[in-house]
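**Q** I have a structure I would like to understand better, so I am pasting it below and will then ask my questions one at a time.
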Amino acid sequence: MRAVVLILILVCANPGTGLVWAASNEGVLLRAALQAYQKNDFGACVKDFTKLLRLQPQKGLYWFNLGNCFSMSGAYGNAVSSYEKVVQLRSPLAPAAKLYKAKALLKMNQTERARKLLAELQSQPLPPGLRADFALELYRQGMYAPAEAQVRQMPQPLDSTTQLLLGMILMKENKNSEAEKALKSAAAAADLSAADQISVRELVATLKASDISARPYGLFLDLAAGATTNVFLEGRSYAPVSSPLVRGEIGANYRLYQSPSFQQRVSYLFGYENATNAPELNTQNHSLQIPLVYKNQLFEFGLVPFIQAEIWNGTFAAQKTGALVRTATLGSVWGGGFDLEVYTQRGTNDTYSYLTGSSYSVRPFFSYGASLWTLQVYWLLGSDGTQDIVYSDGSRLPLQHSFQGPGLRGLWRPTLSSSLLAQLLYLERNYKNNALPEDKHRRDHELSASLKYVYGISQGWAVYMLAEYNPNNSTLGSDDVRDKNYENTNFLAGLGWDVF
């Protein structure tokens, strides 16, 4: 509002506009009023403009700036009276006075009067410099269609700040594709402030999440290729060997029901992994899920019942049935909650009978987010009910165990189109069967670390690079045929596509 005072005074006092300079005393008071305003001395500003109005009581400019001084000092009732005087005088500043009168009324919690005044202004001509301010006030009052109309009437091309405002308005109108275009146009402008750049990234992330959530159906594809060393799977591990690695995933979902705070979908996921030099580790899984989510501004609860079939080297090896439960608080900075997964598993034939058992895991977490990044700290603990593997010589490899350990997740968005995701997890696994040769007791120390960089190349398309490191140290030493000491590394380049 301070800029309005300065600009209007300079324009109206310019001799080139055809106006005559005021008398010497008037000029001195005007300079004093401006200086007081610049110094935030609004009491002195009010006094000086009051004196000016004794000299020029019919001058709408002085009434308007007096209203601004009152408004800045918190005297909104006096500000309203001053703006009304501008309108009564039929000053060229009358449209601006009505807009600022509406703002003052809102400060006084007289919302209905303010909204009525804003509605009247929609049919009146406004100076180009006021349209963005007017559109912003309409946006704040939830009058999105009129706000968009005001922006559309502004000279093109729009400046970056107005493009940002347009994107925000279009988001509220659920015009998501247009909103994303406007926001990206704002982000591309060199004059957009650092704070607004952060706002744009957050809005685009919100837009994508809400767009996915709002669709009645969806389909995505993900394909990655790279290399792995020392491939391993559950009860088996292998000597270090480099191998090409291919991963693929496809998912589809359909929304069964949605209300403002509740949503239910049905989803199908297919995963595939193949380490070429170890064909026995060719794995597939088919998963049918029915996610139910309740969410409001402060809290989220999700329940995901699922059934999953696992196929190893072309053979149907195991079936899982269970559910994932998640609760979380949704704060602007701090958050927290927990994940709980419970499932029963059974091996489908004698070869894989050891896979039968019940398992659970719990993951309480706390998160902290600040504009472009989010950090989550958690603790993972649980129990794996997988049974022992019995070898032909009668020896056993214990697999049933409990586990616990700390974890860390991080997300950083360095640019509008890119993100960096990191995870680190340490687990200690204690195996329950102590009937091993030489009175051995199996205890494993496992580290899981990953780093993923994602770049969005266009709407729906993204490429990524993924690095994974998974070393495991076990009390089953290298001299044991059941050796579980390994260092697994994976490097992958992938392409993801949200089809619709």
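**Q** Of all residues in region 395-442 being under 30 Å from residue 192 (Cβ atoms) and among the basic types (Lys, Arg), which is modelled with the lowest pLDDT? Steps first, please.
**A** The first filter runs over region 395-442 and keeps only residues under 30 Å from residue 192 (Cβ atoms), leaving 409-422.
Narrowing further to those that are among the basic types (Lys, Arg): 409, 413.
Numbers: 409: 97, 413: 85.
Filtering first and then ranking leaves 413.
**Q** Also, quick follow-up: For region 420-432, name all the residues that are open to solvent by less than 40 Å² (accessible area, probe 1.4 Å) and within 14 Å of residue 450 (Cα to Cα).
**A** Scanning region 420-432 gives a single hit, 425.
**Q** Name the residues in region 263-315 that are among the charged types (D, E, K, R), open to solvent by 30 Å² or more (accessible area, probe 1.4 Å) and closer than 23 Å to residue 327 by Cα, would you?
**A** If the condition is that a residue be among the charged types (D, E, K, R), open to solvent by 30 Å² or more (accessible area, probe 1.4 Å) and closer than 23 Å to residue 327 by Cα, then 295, 300 are the ones that fit.
**Q** I would also like to ask the following. Applying the selection to region 159-195, what residues are part of a helix (DSSP H, G or I) and of a type in the set (Asp, Glu)?
**A** Residues of region 159-195 that are part of a helix (DSSP H, G or I), as a first pass: 160-172, 176-188, 194-195.
Within region 159-195, 178, 180 qualify.
**Q** Right, next: What are the pairs, 6+ residues apart or on separate chains, where a residue within region 33-58 that is basic (Lys, Arg) has its Cβ under 8 Å from a residue that is part of a helix (DSSP H, G or I) and buried (at least 17 other Cβ atoms within 10 Å of the Cβ)?
**A** Cβ pairs passing all conditions: 51/29.
**Q** Among the residues of region 356-369 satisfying the criterion of being closer than 28 Å to residue 327 by Cα and open to solvent by 30 Å² or more (accessible area, probe 1.4 Å), which is modelled with the lowest pLDDT?
**A** Step one: of region 356-369, the residues closer than 28 Å to residue 327 by Cα are 357-369.
Restricting the remaining residues to those that are open to solvent by 30 Å² or more (accessible area, probe 1.4 Å) gives 358, 360, 362, 364, 366, 368.
On the way: 358: 96, 360: 97, 362: 98, 364: 97, 366: 95, 368: 92.
Applying the filter and picking the extreme gives 368.
**Q** Kindly indicate whether residue 408 is in a strand (DSSP E or B), of a type in the set (A, V, I, L, M) and open to solvent by 60 Å² or more (accessible area, probe 1.4 Å). Working first, answer last.
**A** Details: in a strand (DSSP E or B): yes; of a type in the set (A, V, I, L, M): yes; open to solvent by 60 Å² or more (accessible area, probe 1.4 Å): yes.
Against the criterion (in a strand (DSSP E or B), of a type in the set (A, V, I, L, M) and open to solvent by 60 Å² or more (accessible area, probe 1.4 Å)), residue 408 qualifies.
**Q** Quick one: would you say residue 402 is outside any helix (DSSP H, G or I), closer than 19 Å to residue 475 by Cβ and open to solvent by 30 Å² or more (accessible area, probe 1.4 Å)?
**A** Details: outside any helix (DSSP H, G or I): yes; closer than 19 Å to residue 475 by Cβ: yes; open to solvent by 30 Å² or more (accessible area, probe 1.4 Å): yes.
Criteria met by residue 402.
**Q** OK, next. Take region 169-186 and flag every residue that is touching a residue at least 24 places away in the same chain (Cβ under 8 Å) and crowded, with 22+ Cβ neighbours inside 10 Å.
**A** 169, 171, 179, 183, 186
**Q** Is it the case that some residue within region 116-137 is closer than 22 Å to residue 52 by Cα and not in a helix (DSSP H, G or I)?
**A** Our first condition is that a residue be closer than 22 Å to residue 52 by Cα; within region 116-137, this holds for none.
Within region 116-137 (the criterion being closer than 22 Å to residue 52 by Cα and not in a helix (DSSP H, G or I)), the answer is no, since none of the residues qualifies.
The values are calculated or read from the model by the stated rules, or taken from the named source; none is laboratory data. Owing to the predicted nature of the structure, the values given are computational and were not obtained by experimental measurement. Heads up, the Cβs are rebuilt from the backbone with ideal geometry, glycines too, and the neighbour counts pull from every protein chain shown. Each accessible area value is taken on the protein alone, full model and side chains, heavy atoms only, with ligands, DNA and RNA left out. Shrake-Rupley method; radii C 1.70, N 1.55, O 1.52, S 1.80 Å.
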